[in-house]
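*Asks:* Here it is: the structure, laid out below.
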Amino acid sequence: MTTEIFTDHLAKTAPEQRERTQKVLTWVSTTFPQLAPRIAWNQPMFTDHDTFIIGFSNSKKHLAVAPEAAGINQFSAAIKAAGYQHTKQLIQLPWTSPVNYTLLEQIIRFNLQDKANTTSFWRK
């Protein structure tokens with residue numbers, strides 16, 4: 001089950017997007033129990049030692065995944081190979097495409113390692 005903190009956010013999510021969003025948030029919570037779930041800027045996200053690791057937001061056409069630019073730069077080729085598009089800050093997971101959890105796990109693990117000694121919320 002998704003962490004309780006996301007319940008109100010999910011209730012406001014469009015019904016056709018809610019199930020997938022909940023599944024992804026639950027997967028992150030289960031796979032990375034050390035991450036702290038939180039809502040900030042009206043978006044679900046996960047932090048480690050008070051530093052941002054990954055965030056999510058919904059749009060009409062996709063679930064947006066925000067691992068910061070460093071995470072996107074590190075995995076740009078893999079993101080494209082998975083059939084996803086990305087901007088400098090967001091990966092777009094179309095509602096009609098399956099979620100590549102292996103890639104998502106690699107991105108989160110990269111951020112955990114890369115930001116292990118980070119003392120600010122965002123990378124500088």
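*Asks:* Compute, for residue 20, the solvent-accessible surface of its heavy atoms (probe 1.4 Å) with the complete set of protein chains present, and express it in square angstrom to the nearest 10.
*Replies:* Looks like 50 Å² after rounding.
*Asks:* Compute and list, largest first, the equivalent-ellipsoid semi-axes of the chain from the alpha carbon gyration tensor, each √(5λ) rounded to a whole angstrom.
*Replies:* Computed over the chain, the values are 20, 18, 12 Å.
*Asks:* While we're on this one: Setting aside same-chain residues fewer than 8 positions from residue 88, which lysines have a Cα under 26 Å from its Cα?
*Replies:* Candidates past the 8-residue exclusion: 23, 60, 61, 80, 115, 124.
*Asks:* Using helices alone, I'd like the mean residue ellipticity at 222 nm for the chain: each DSSP H run of four-plus residues gives -39500 (n - 2.57), total over residue count, nearest 500.
*Replies:* Dividing the helical sum by the residues of the chain leaves -12500 deg cm²/dmol.
*Asks:* What part of the accessible area of the chain, given as a whole %, is carbon or sulfur when the probe is 1.4 angstrom?
*Replies:* 52
*Asks:* When 1/r is averaged over all different Cα pairs and the result inverted, which Kirkwood radius in Å belongs to region 62-124?
*Replies:* Computed over region 62-124, the radius equals 12.1 Å.
*Asks:* May I ask you to give the solvent-accessible area per residue for region 68-120, in square angstrom, as obtained with a 1.4 angstrom probe?
*Replies:* 57
*Asks:* Return a whole-number percent for the relative contact order of the chain, with Cα pairs under 8 Å and 6 or more residues apart as the contact set.
*Replies:* 19
*Asks:* Follow-up. Let's test the formula: R0 of 41 Å, r as the Cβ-Cβ distance of residue 81 and residue 8. What FRET efficiency results, to the nearest 0.05?
*Replies:* Result of the calculation: an efficiency of 0.70.
The values are calculated or read from the model by the stated rules, or taken from the named source; none is laboratory data. Keep in mind the model is a prediction, meaning the values are calculated, not measured. Here the Cβ is made from the backbone with ideal geometry for all residues, glycine too, and neighbour counts use every protein chain on show. Accessible surface is based on the protein model in full, side chains and every heavy atom, while ligands, DNA and RNA are left aside. Shrake-Rupley method; radii C 1.70, N 1.55, O 1.52, S 1.80 Å.
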